[in-house]
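Scroll down for the structure; my scribbles are underneath it.
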Amino acid sequence: MKLAAAPLELPADGRQSETALAVARGTARLLHAHGFCVVSELSLPSGRRADLAALDAGGDIWIVEIKSSIADFRADQKWQDYRAHCDRLFFATSQDVPCEVFPSDTGLIVADAFGAQMMCEAPEHRLSAATRKSMMLTFARAAALRLQSLVDPAGPYGDVG
């Protein structure tokens with residue numbers, strides 16, 4: 001008889017507020033329902049870090065920037081840099097943040113810890129083949145290293161970005 005393995009739990013990261021974590025969870029569920037797999041806090045080739053990066057079976061790449069408040073959005077001047085690394089760029093927020101504060105040339109997702117709704121589709125800006133390959137490798141390596149670091153927490157994996 002095969003025993004079920006205990007579920008693996010991710011260590012707390014400490015960078016996100018409870019609201020941001022809830023929005024990330026609900027948004028990841030929505031993306032999964034649309035056929036995407038998701039990696040959170042993905043280090044990009046530019047040195048920036050995407051809150052959520054999503055990849056579907058056809059190779060489409062979406063990035064979702066999570067904003068837990070108006071102040072959080074206004075303090076962020078780097079979000080436009082993410083466009084160079086995705087086919088579509090979204091913001092995700094809670095229902096407490098007014099949708100009008102977000103740029104109209106991005107998509108918008110409203111989420112809580114249990115799910116999300118896409119309020120506005122993001123315009124498409126297709127990646128070049130070379131950038132797509134780079135992002136897919138970045139995504140795959142980050143996902144594989146994170147999984148291995150959960151299986152072998154004492155292993156030599158360092159910052160698995």
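Computed values, structure above
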{"read-out": "Pair list, Cβ under 6 Å, 6 or more apart: the stretch 36-60 residue at pLDDT 95 or above, other residue open to solvent by less than 30 Å² (accessible area, probe 1.4 Å) and among the basic types (Lys, Arg)", "value": "none"}
{"read-out": "The stretch 66-79: number of residues that are within 27 Å of Ala129 (Cβ to Cβ) and not hydrophobic (A, V, I, L, M, F, W, C)", "value": "1"}
{"read-out": "Test: residue in the stretch 92-105 that is aliphatic (A, V, I, L, M) and either touching a Ser or Thr at 6+ places or on another chain (Cβ under 8 Å) or modelled with pLDDT of 95 or more (or both)", "value": "yes"}
{"read-out": "Any hit, the stretch 98-112, residues being assigned to a loop (DSSP other than H, G, I, E, B) and under 17 Å from the mean Cα position of the chain (by Cα)", "value": "yes"}
{"read-out": "Per-region count, the stretch 96-112, residues closer than 18 Å to Gln16 by Cβ and open to solvent by 70 Å² or more (accessible area, probe 1.4 Å)", "value": "2"}
{"read-out": "Residue, least open to solvent (accessible area, probe 1.4 Å), within the stretch 67-79, restricted to residues that are in contact (Cβ under 8 Å) with a residue 12 or more places away in the chain and assigned to a loop (DSSP other than H, G, I, E, B)", "value": "Lys67"}
{"read-out": "Any pair with Cβ under 8 angstrom, 6 or more apart, that starts in the stretch 13-35 at a residue that is closer than 16 Å to Gln117 by Cα and at pLDDT 95 or above and ends at one that is open to solvent by less than 70 Å² (accessible area, probe 1.4 Å) and of a type in the set (Phe, Trp, Tyr)", "value": "Leu31/Trp62"}
{"read-out": "Filtered residue count, the stretch 80-92, keeping only those that are under 20 Å from Ser134 (Cβ atoms) and either open to solvent by less than 30 Å² (accessible area, probe 1.4 Å) or touching a residue at least 24 places away in the same chain (Cβ under 8 Å) (or both)", "value": "9"}
{"read-out": "Residue match in the stretch 49-66 (condition: part of a strand (DSSP E or B), open to solvent by 50 Å² or more (accessible area, probe 1.4 Å) and either touching a strand residue (DSSP E or B) at 6+ places or on another chain (Cβ under 6 Å) or within 19 Å of Leu21 (Cβ to Cβ) (or both))", "value": "yes"}
{"read-out": "Subset of the stretch 113-135 [open to solvent by less than 30 Å² (accessible area, probe 1.4 Å), part of a loop (DSSP other than H, G, I, E, B) and out of contact with any Cys (no Cβ under 8 Å at 6 or more places or on another chain)]", "value": "Ala113, Ala122"}
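The values are calculated or read from the model by the stated rules, or taken from the named source; none is laboratory data. For clarity, every value in this text was computed on a predicted model and none was experimentally measured. No Cβ is skipped: glycine too gets one built from the backbone with ideal geometry, and neighbour counts run over all protein chains shown. Each accessible area value is taken on the protein alone, full model and side chains, heavy atoms only, with ligands, DNA and RNA left out. Shrake-Rupley method; radii C 1.70, N 1.55, O 1.52, S 1.80 Å.
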